[in-house]
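The values are calculated or read from the model by the stated rules, or taken from the named source; none is laboratory data. Predicted model only: the values in this text are computed from it and were never measured. No Cβ is skipped: glycine too gets one built from the backbone with ideal geometry, and neighbour counts run over all protein chains shown.
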């Protein structure tokens, strides 16, 4: 038996896990998960289907996931409505881009017009292409100073070319856009237009209350992925207070999603329970504090940090360049080797050349505060300056200092709630395998 | 702290797991996974991104999943090309319906015409709606005798209303459609038309060689989900031998999928390695044998089994009705209580009223053969006849007899390949928690 493939696979998986346990991840689209949130992904429920056919048709038709389906109905849906401050939530999208597809398809008719945030203003690279394939014409939102909407030009645009939908998304962002002034303009000039707020990057901050709720600020609908600042699984949700929009989303989600991944449904329920019970609001506030602290520190060290004229950031992201004379590609490779996992990008709004789009969300989720931000700034400075010093042990020590994040429920608590012994043992093994080490 | 939500969650998860370990799942859209295939879903890799930007742009930009990304490039892609007998595979779709969306969007232009299998002929319920939202006009394929294409009427249709794409999908199927006669007609009458074969239900049987490869039988492209007869994670793939079609799929997949779920990428790689190294071909053949054996046995017992005039089935599905006088809703509820998880449906092609769409794929994956099919037929007969006898222990014993499926790699083998100890322990805990018991 030729086991070469198996060996490559096991080796790469093991090497990654060993590295991850000595590293800090600073990629804005990633986060870590609690042991209890990971548990359903390794259990039978991951492979099962749940459709609420009892409510729809008066009897069940798929029985494999009947029991965990209760978690969707009795835990996830009510908690998400509460955290999203929305009367209606749809939890069927299975990713952020699936959310985007469903939202556009539900809220903008074929042949309709949609305003989008241009890529140069932080919009997602796929927004225009997905819209085009749905028969939607896109018009870029007018921006000013890289981070803000130009409301004067938008007023003219609303008069000359009123949209069906304004799709507000920022995958590269320092200052989350506020839907309120947009809604005020829309109500006056294009009252038929809808505003959808794609909050994929900031869901952890919005649901935790550190950023304003988009519905409260005038968006008609909002939602997005659940694994960035929200430290959950790969899933998505859409939320609204408008029953007619909820119905449109419901119809399209039923077409564009077949089964909606029950393991992730349970995992997302765990994530929301943990954030509500164990400091989701504090986590969200700490993300904002840590981001600004890190940015200030890097700036003080003489590194070029974006938006130094306006206190650097209002969210989880911090953008910084390598020092002049340091090759950013080599710096990024060395960061990887030394245990700092980053996202390197060209074309960040307002920054020339190649830069680093960092996030403090995962470090904060692991328990980091101001002191750790200072250590982290020093480590980043070393690598962004091309200093050849080996700091892998320093980074591992920093990660190790964050080895006991308060994940809300440990194996002992889950055992006390009556979980079967093998499930408790599995959760303990998940915790051990993912702990710093 | 009000832990009601946590308690509901842990209880439902634990109850489900306990029930699953004493049950047999007969739902055609579900399957079980090996411990090694579940492992990456519980590890750090699940939360990471991998984009092959080195190939595309000459340097990396997302570093979080760099090492497990090797598994995508060096294990998953080559193994899938080999198993799918295709020069080009795209592994970005994250589900079967995501595959469908990408395939249609890539292969049929807006305003184009697509033939589809009508729901009454076994087609998926979403196909027409997804097409409509992509601006694609659909025309139902003419069927005869519920299970076959009416090639005579199709010939007329190809002359009068030639399509851009023929989308062949069957989510309820007994006799997988053969693309060959369709391709012969197309080549003669509408040579610009493409044939896409959505193999979501039969990927385990096709990749295992028990059903013909759709490309070999004339389809231009094929693919679908990876968790039905293929006992893998929630993912999807598309395959073709045509470089121009591969390019079109590549472009659209890049738009409609952002990140493509690295945990599932690794899990699917494990699944393909295990099927190649440890009897994937035998599994696929056994699924066909077991399905026919079960159908024959149920028929002999006097139950109404679909397609008794043509040996019942050519795939994993078997369709059967409850005995006259037995309420199918109550029978399904009792099956759940007694440990047989089924899918109850109305409108199965050629069967009046409510019936059961069963699959032997998961039981076969657990090691069941002819003897177990006979025991299973007896248990099903009891419940489909409204017999009030308690057979939960019988079902649990049957499940328990399948407690040592040959999953290819146990924890010991993975340890011998050099996996870190905590990873090996976790895999062992996954195996224990999911074993019969």
Taking the residues in region A:144-170 that are surrounded by 15 or more Cβ atoms within 10 Å (Cβ to Cβ) and touching a residue at least 60 places away in the same chain (Cβ under 8 Å) as candidates, determine which candidate is farthest from residue A:343 (Cα to Cα). A:165
All but one of (1) out of contact with any strand residue (DSSP E or B) (no Cβ under 7 Å at 6 or more places or on another chain); (2) more than 11 Å from chain B (Cβ to nearest Cβ); (3) not in a loop (DSSP other than H, G, I, E, B) hold for residue A:335; state the number of the condition that does not hold. (2)
Filtered residues of region B:107-127 (kept if surrounded by 20 or more Cβ atoms within 10 Å (Cβ to Cβ) and assigned to a helix (DSSP H, G or I)): B:107, B:121, B:127
Check B:384, B:348 and return the single one that is within 26 Å of residue B:231 (Cα to Cα) and either touching a strand residue (DSSP E or B) at 6+ places or on another chain (Cβ under 8 Å) or not assigned by TED's automatic domain parsing to the domain that holds residue B:283 (or both). B:348
Assess whether residue B:64 counts as being crowded, with 18+ Cβ neighbours inside 10 Å and not assigned by TED's automatic domain parsing to the domain that holds residue B:217. yes
Which members of region B:306-335 meet the condition of being under 12 Å from residue B:384 (Cα atoms) and in contact with a helix residue (DSSP H, G or I) (Cβ under 8 Å, 6 or more places away or on another chain)? B:320, B:321, B:322, B:323, B:326, B:331, B:334, B:335
Out of all the residues in region B:31-38, is one or more within 26 Å of residue A:413 (Cβ to Cβ) and either surrounded by 24 or more Cβ atoms within 10 Å (Cβ to Cβ) or not assigned by TED's automatic domain parsing to the domain that holds residue B:411 (or both)? yes
Within region B:59-68, does at least one residue satisfy the condition of being touching a residue at least 60 places away in the same chain (Cβ under 8 Å) and on the phi < 0 side of the Ramachandran plot? yes
When you scan region A:204-218, do you find a residue that is touching a residue at least 40 places away in the same chain (Cβ under 8 Å) and either over 28 Å from residue A:360 (Cβ atoms) or within 14 Å of another protein chain (Cβ to nearest Cβ) (or both), even just one? yes
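Every residue in region A:48-57 that is more than 7 Å from chain B (Cβ to nearest Cβ) and in contact with a helix residue (DSSP H, G or I) (Cβ under 6 Å, 6 or more places away or on another chain), please.
Quick first cut of region A:48-57, residues more than 7 Å from chain B (Cβ to nearest Cβ) only: A:50-57.
Residue satisfying the conditions is A:50 alone.
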Note: among A:117, A:45, A:128, just one is more than 20 Å from residue A:250 (Cβ to Cβ) and more than 10 Å from chain B (Cβ to nearest Cβ), namely A:117
Test residue A:10 against the criterion of being crowded, with 24+ Cβ neighbours inside 10 Å and not assigned by TED's automatic domain parsing to the domain that holds residue A:170, and give yes or no. yes
